[in-house]
Amino acid sequence: MFFSPAARRRADAVLVAAGLAMVPALAAGPAAAGSNVIGLSVASEREPGDLSATKSTDTQLSYAHTFDNNVSLGGSAKYYDTAHTSAYAWNVEGTVGYTYPLNEVWSVAGVAALGSHMPSNATDFAYYSFTGSLNVKLSSVVTWTVIAARYRNAFDTAYAYETPELSTQFDFRLSDAHSVSVKLERDWKNGDVSYDAIELGYKYHF
């Protein structure tokens, strides 16, 4: 059975809406023991090979609930402010993840996401992503995400949104309620290096 491009876009939008709607519903369920985190981060994208040239500034607000069994549910909204133009974009997504402790120090984690990319000057479309990471707890204060690898693409590949990412990150736990982070990343788009970035973040834990 064949669908028109418009019908596929409507189906993608329904999938994204359903996925995002599930996040608060599941997190608010009767088994909602665990921990919650609200995060705010700002990233500066730089032209590859020229760190003095700004490409975009990205601001993200996120929420995640982690259950006692290490399963997490979350959602985020990220705003991309493209430098030197009036163009901008939003990414809104829901996530489900799992962290597996290898021992008291090392852990691996995986996250799947379903989202919508909404540019100011083009058509909205749905996307998906998968991220895996290797983490080490260096002390009671410092956790290092040694490497995180993400694969992301649009459901309709005609939108040319194949955007992998590699990153490394340090998290500093200032207290039971507060932590800050610094992240270095490299992103690709459709096979070419898109940008290098540094991201600073803050999280409130409760």
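Tabulated values for the structure
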item	result
Pair list, Cβ under 7 Å, 6 or more apart: the stretch 64-85 residue open to solvent by less than 30 Å² (accessible area, probe 1.4 Å), other residue basic (Lys, Arg) and modelled with pLDDT under 95	Ala83/Lys55
Hits in the stretch 157-170 (condition: farther than 15 Å from Arg186 by Cα, open to solvent by 30 Å² or more (accessible area, probe 1.4 Å) and either assigned to a strand (DSSP E or B) or of a type outside the set (A, V, I, L, M, F, W, C) (or both))	Thr157, Tyr159, Phe170
Selection within the stretch 137-156 - surrounded by 14 or more Cβ atoms within 10 Å (Cβ to Cβ) and among the aliphatic types (A, V, I, L, M)	Ala148, Ala154
From Asp192, Asp124, Asp171, Asp176, residue being touching a residue at least 24 places away in the same chain (Cβ under 8 Å) and farther than 23 Å from Ser72 by Cβ	Asp124
Candidates Ser56, Ser139 - the one that is more than 18 Å from Asp187 (Cα to Cα) and either among the small types (Gly, Ala, Ser) or in contact with a His (Cβ under 6 Å, 6 or more places away or on another chain) (or both)	Ser139
Contacts under 7 angstrom Cβ, first residue in the stretch 91-103 being within 30 Å of Asp124 (Cβ to Cβ) and without any contact (Cβ under 8 Å) to a residue 60 or more places away in the chain, partner open to solvent by less than 40 Å² (accessible area, probe 1.4 Å) and basic (Lys, Arg), 6 or more apart	Asn91/Lys78
Some residue of the stretch 94-116 being closer than 27 Å to Tyr159 by Cα, open to solvent by less than 70 Å² (accessible area, probe 1.4 Å) and modelled with pLDDT under 95	no
Flag if Lys183 is of a type in the set (Lys, Arg), open to solvent by 60 Å² or more (accessible area, probe 1.4 Å) and either within 22 Å of Leu40 (Cα to Cα) or in contact (Cβ under 8 Å) with a residue 12 or more places away in the chain (or both)	no
Options Thr95, Thr143, Thr168; residue that is out of contact with any Leu (no Cβ under 8 Å at 6 or more places or on another chain) and among the β-branched types (Val, Ile, Thr)	Thr143
Residues of the stretch 141-156 classified as more than 14 Å from the chain's Cα centre (by Cα) and either part of a strand (DSSP E or B) or not aliphatic (A, V, I, L, M) (or both), total	9
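The values are calculated or read from the model by the stated rules, or taken from the named source; none is laboratory data. The structure displayed is predicted, hence computed values, not measured ones. Here Cβ is always computed from backbone atoms with ideal geometry, including for glycine, and neighbour counts include all displayed protein chains. Side chains are part of the model used for accessible areas, which takes the heavy atoms of the whole protein and leaves out ligands, DNA and RNA. Shrake-Rupley method; radii C 1.70, N 1.55, O 1.52, S 1.80 Å.
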